[in-house]
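The next block holds one structure in the form of structure tokens; read it before the comments.
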Amino acid sequence: MAYPRLQWYVAATSGEISRTLLERRILDEPVVFYRTESGLPVALAGLCPHRLYPLAQGRLTGDAIICGYHGITFNSSGRCVHIPSQGKIPDRMSVRGYPVQEVGGMVWIWMGPPGSGAPGPLPDISRAGIAAPGFRHDFNPLFRLPARYQLLIDNLMDLSHLSFVHAATVPDGAHVAGVEPQISESQGVLSVIRKFGQVPAAGFIQFLHPDIVGDVENTLTSDYFGPSFINAGGPWIRKPGESVERQMNFFHAMTPETPHSTHYFNGVSRNFSLDNEGLSQMLLGQSAAVIAEDIRALEILEAHMQAGGSNLKEISVVGDAGALRVRRNIGAPIQAEQGDTPVAEQAKRPAPARI
Amino acid sequence: MAYPRLQWYVAATSGEISRTLLERRILDEPVVFYRTESGLPVALAGLCPHRLYPLAQGRLTGDAIICGYHGITFNSSGRCVHIPSQGKIPDRMSVRGYPVQEVGGMVWIWMGPPGSGAPGPLPDISRAGIAAPGFRHDFNPLFRLPARYQLLIDNLMDLSHLSFVHAATVPDGAHVAGVEPQISESQGVLSVIRKFGQVPAAGFIQFLHPDIVGDVENTLTSDYFGPSFINAGGPWIRKPGESVERQMNFFHAMTPETPHSTHYFNGVSRNFSLDNEGLSQMLLGQSAAVIAEDIRALEILEAHMQAGGSNLKEISVVGDAGALRVRRNIGAPIQAEQGDTPVAEQAKRPAPARI
Amino acid sequence: MAYPRLQWYVAATSGEISRTLLERRILDEPVVFYRTESGLPVALAGLCPHRLYPLAQGRLTGDAIICGYHGITFNSSGRCVHIPSQGKIPDRMSVRGYPVQEVGGMVWIWMGPPGSGAPGPLPDISRAGIAAPGFRHDFNPLFRLPARYQLLIDNLMDLSHLSFVHAATVPDGAHVAGVEPQISESQGVLSVIRKFGQVPAAGFIQFLHPDIVGDVENTLTSDYFGPSFINAGGPWIRKPGESVERQMNFFHAMTPETPHSTHYFNGVSRNFSLDNEGLSQMLLGQSAAVIAEDIRALEILEAHMQAGGSNLKEISVVGDAGALRVRRNIGAPIQAEQGDTPVAEQAKRPAPARI
């Protein structure tokens, strides 16, 4: 499957992982999650190697999992520590442990295959206002997207769709498609930026910043941190006389579940009105409404792509420059990771054609 | 797929196509339908070539469709007339327009592939009492048949099944299977005719024609106008002294949706009691009851054909002569249209064997 | 498909087969069942060879079936005896009749392909207390297992899972996994026996046998009669001074429906308290509760095996010796029956690896 594997993916928000076993399919592999008694997150391959029963159907004893079928037991490193019917435990009776780390209220998992070397660094998500000084961030509950993750990346890297898919839900979204985006890259993050210039501090901006009167510079950006994380930043505005830009971010983490479905994590961060809980709830609600529209659109798109039956060759336009660059960004490592392996799934995705 | 493509198919009844975009899958292609401001029906390929989003999710502006994802706009010929992010519009940014015509309260679509020449003539459905002098016709709502269209053609061309599938719903149907059918061809229509000879004007005939007393000639026929249209005509009777035969027709249009499902259009026509609205409703209701039985039977048959697991070689009988001739009628153009292409779907359909 | 075919399978309990036509898919073949007017069970290939319509949709006339589509009629041997549209009946218009016999309140069907010789003998199920002197047996209603039959065989041949899957429902089940099983073979039945030695006649044993005080020998066994029938016997105990062992059996018949689903027949037999109807009901209820747990576990396992995505190579342990011997027992005849045919389904099932 066409997944970049040498990546950190969001496996869960911190609150989802507990002393109750959780199974989640990631990059089409079943993984079981839990916390040790000391609170550290653990991710193990999800099937007991004895008869392939899902470990999430078992139960914890201390930091170990007892398989729910025949009682074979594994510690938090994935090593077998007990077989009921025999004393000797063979080395090969073990399950893989995945590297995990907990940053920004999210548990991240490294999906590099065994033997592919040490995990790389996590993307610097403080740039999206997560675990960053002066910012707060809040999460929506997990969404499930019944579509391949690439469609969500395309969606988020071309915010001109705000003017159409979200015409009713995004304030001032109607103006987005008409503004030509600029592309820039900095510290490994690819940004597709729309600068609206001086606009009146009205509408949504006034709602967020009632203390600002007059015109402000307004910016909207899609920041691509890698195939698992994109930040849709904006409005970013500056009050005359203030040195710090006021930023609001709708951040998105997409983790492939299967070739045709995606775990979709979403939250909102900001560096103003930090104590306003009602504002957090309102922004999360607005983000959820927008996401519901995207999920419906991408589900329809996925269904048509699977049904086929038309000439499915895409034709790209000038506004796609950012999304196309991201596609190449994703495609290259997949090809490098997979060597000469033919990628059936990738082949089904039509190659973009510039015009 | 084993569809005859150089054919007119019923895409919709006239009332289904309006200023609201309608997507319908025809021969496994998504097609979007609407009417221009002047009321003409339009059929365009259903997916925007930019990112393959279904055009039916967009909206009309005048006679043009604005795609609901990124706003690319196409006129009623399928030519792109607007791209939000750029001024120049490349020629290849267009969608196919299908030939359509509106006849007999139905919108017909020509599914010949691009480059296959001009559409042929529509079948002369006035022979089924549609848009014919002295006749009226009425439609049932669209049925969906979860089975391949060939099964419906087989079904309609062998009305001996009236004696079994419809033993409870078709008046006097029990006698059909015992009457040997005659086959004739005239003006491109293949007819499988059952002549019942002199029968008393009782039962259903008396209900339809209370003014007739005594014996009448009674005829039942399946008229094959092509793979998209079949008329089941009968009872056709003549009142002594009248020059015009009194005809009642249950006509059927079958349009493949996918390899395993079919849009099933149905209506009733007659040349007597033209002002009797109650009679129209009663006949449509009876037809719907019969069709419900056929849909259930063909759904079961389709499911078993897909499940496989038995020796699926058919053995035909004398009564199948008409249906077999139709099968050859369908098979030949498909082969001719497809050249040497192996037809996987066709291969799954067992070849008929004469006995 | 990887089914042993030269076997007797339970097709139905006796009460399921009547003068009402019953279709049941067996080894992925549709079969129609009924009784003749004299009460004998009949099993015919399920599809009419004319247009492949399921015969179970037709109706009986005497001992013959009239197909519900076009009225072609077959007697209880599968020979065609009537075609409505013609007088001559060709020899090839016939359906296969399967050998059946009715033993122990069950109708058994021989699934050997045509030309594979006479059916072999039925397994001697009197050893499971069925139709055996001094025993009674009762049936649960049919269960449907949404998993391949091999998973059920694995399950029943390794009763150590009682300690985990059924920890809450099986009395004293917690002790099973800790007892090393012995394997023996006698009269073609492979037994995996757990001898618990002298145990107090307490708990479940006391409930079953209130007249016994003190210690008793207790035995639990899985008896493999072939791929279609396994008896889980126990507790088997002996009252001091009695010559006959008191036996209770939970017997199981598994009949593949499709490659991924199984008809699961279950009942209970015993040679004590024969007139206690309440005890029968209680034991059937307990067995149904246990089976519900197994069905849920095996459904989860089947789903994960179909989803794939992990290293699905099994690692076996000492306690698997019985189940592995059965797997070889099943695998050998399948290979012999199929000759060199590649068995796609079998290949999907990972080969067991001894450790």
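The values are calculated or read from the model by the stated rules, or taken from the named source; none is laboratory data. Please read these numbers as outputs of a predicted model, since none were measured by experiment. In this analysis, Cβ positions are derived from the backbone assuming ideal geometry, glycine residues included, and neighbour counts consider all displayed protein chains. All accessible areas refer to the heavy atoms of the entire protein, side chains included, with ligands and DNA or RNA removed. Shrake-Rupley method; radii C 1.70, N 1.55, O 1.52, S 1.80 Å.
Pairs of Cα atoms nearer than 8 Å and 6+ residues apart set the relative contact order; for segment C:100-179 it is 14 percent. Per residue of chain A, the DSSP helices (runs of n ≥ 4 H) give a summed -39500 (n - 2.57) that works out to -6000 deg cm²/dmol at 222 nm. By the Stokes-Einstein formula, at 1.567 mPa s and 4 °C, chain B with its Kirkwood radius over alpha-carbon pairs has D equal to 59 µm²/s.
Over chain C, Cα pairs under 8 Å with separation of 6+ residues give a relative contact order of 17 percent.
What FRET efficiency do you get for C:ASP275 and C:ASP215 if R0 is 41 Å and r is their Cβ-Cβ distance, rounded to the nearest 0.05?
Rounded to the nearest 0.05, the efficiency is 0.90.
My understanding is that a pair violates if its Cα-Cα distance is over 27 Å; which of A:LYS239/B:LYS88; A:LYS195/B:LYS88; A:LYS88/C:LYS239; B:LYS195/B:LYS313; B:LYS239/C:LYS88 do that in this structure?
A:LYS239/B:LYS88; A:LYS88/C:LYS239; B:LYS195/B:LYS313; B:LYS239/C:LYS88
Could you work out the local net charge near A:SER14, counting Lys and Arg as +1, Asp and Glu as -1, over the other residues with Cβ closer than 13 Å to its Cβ? Mind dumping the intermediate values first?
Numbers: positive: A:ARG35; negative: A:GLU16, A:GLU102, A:ASP138.
Spelling it out: positives minus negatives among the neighbours equals -2.
Counting only other chain Cβ atoms within 10 Å of each residue's Cβ, the peptide C:19-32 averages 2. Placing a label point 7 Å from the Cα of A:SER14 along the Cα-to-Cβ direction, none of the residues of segment A:213-230 has a backbone N under 12 Å of that point. Once R0 is set to 30 Å, what does the formula 1/(1 + (r/R0)^6) return for the Cβ-Cβ distance between B:GLU23 and A:HIS175, expressed as a FRET efficiency to the nearest 0.05? Calculated transfer efficiency: 0.55. The heavy atoms of B:ILE153 present about 0 square angstrom of accessible area, all protein chains included, probe 1.4 Å.
Each part gets one Cα centre, and for segment A:8-83 versus segment C:180-199 those centres are 34 Å apart. Close amide H partners of A:VAL103, meaning residues 5 or more places away or on another chain with modelled amide H under 5 Å apart, are A:TRP108. Taking other residues whose beta carbon is less than 14 angstrom from the beta carbon of A:GLY78, and scoring Lys, Arg as +1 and Asp, Glu as -1, yields 0.
Counting, for every residue in A:313-321, the Cβ atoms of other protein chains within 10 Å of its Cβ and taking the mean gives 6. Is the shape of segment A:1-132 best called rounded, prolate or oblate, per the rule: a/c under 1.5 gives rounded, else a/b larger than b/c gives prolate, else oblate, with a ≥ b ≥ c the square roots of the Cα gyration tensor eigenvalues? Since a/c reaches 1.5 and a/b is larger than b/c, the shape of segment A:1-132 is classed as prolate.
At 7 Å along the Cα-to-beta-carbon direction for both C:MET282 and C:GLN86, put a label point, then send me their distance in nm to one decimal. For C:MET282 paired with C:GLN86, the spin-label model returns 6.5 nm. Karplus-derived 3J(HN,Hα) values for segment B:269-284, using 6.51 cos²θ - 1.76 cosθ + 1.60 with θ = phi - 60°, are 10, 7, 10, 8, 6, 5, 8, 8, 5, x, 5, 4, 4, 5, 5, 4 Hz; glycine and proline are entered as x.
Each residue of segment C:209-219 was assigned a 3J(HN,Hα) from its phi angle through the Karplus expression (A = 6.51, B = -1.76, C = 1.60, θ = phi - 60°), giving 10, x, 7, 9, 10, x, 8, 9, 6, 10, 10 Hz with x at Gly and Pro. Cut-off 19 Å, label point 7 angstrom out along Cα-to-Cβ of A:LYS195: give me the residues of segment A:232-247 whose amide nitrogen falls inside. Under 19 Å, as judged by backbone N against the label point of A:LYS195, lie A:233-247 of segment A:232-247.
Between C:CYS48, C:GLN286, C:LEU6, the Cα set farthest toward the positive side of the dipole of chain C (charges on each charged residue's Cβ, about the Cα centre) is that of C:CYS48.
Take each residue of peptide C:51-60, count the partner chain Cβ atoms within 10 Å of its Cβ, and average: the result is 5. Evaluate E = 1/(1 + (r/R0)^6) for B:SER126 and B:ARG79, where r is the Cβ-Cβ distance and R0 equals 35 Å; express this FRET efficiency to the nearest 0.05. So the FRET efficiency works out to roughly 0.50.
Charge dipole of segment A:60-143 (Cα centre as origin; +1 on each Lys and Arg Cβ, -1 on each Asp and Glu Cβ, all else neutral): 220 debye, rounded to the nearest 20.
Charge tally for A:THR169 (other residues, Cβ to Cβ under 15 Å; Lys, Arg +1; Asp, Glu -1): -2. Could you tell me whether the protein assembly as shown comes out rounded, prolate or oblate from its Cα gyration tensor? Rule is a ≥ b ≥ c as square roots of the eigenvalues, rounded for a/c under 1.5, then prolate if a/b exceeds b/c, otherwise oblate. Oblate.
What angle do you read, to the nearest 10 degrees and between 0 and 90, between the alpha-carbon axis of helix B:321-338 and the longest principal axis of chain B? It is inclined by approximately 20 degrees.
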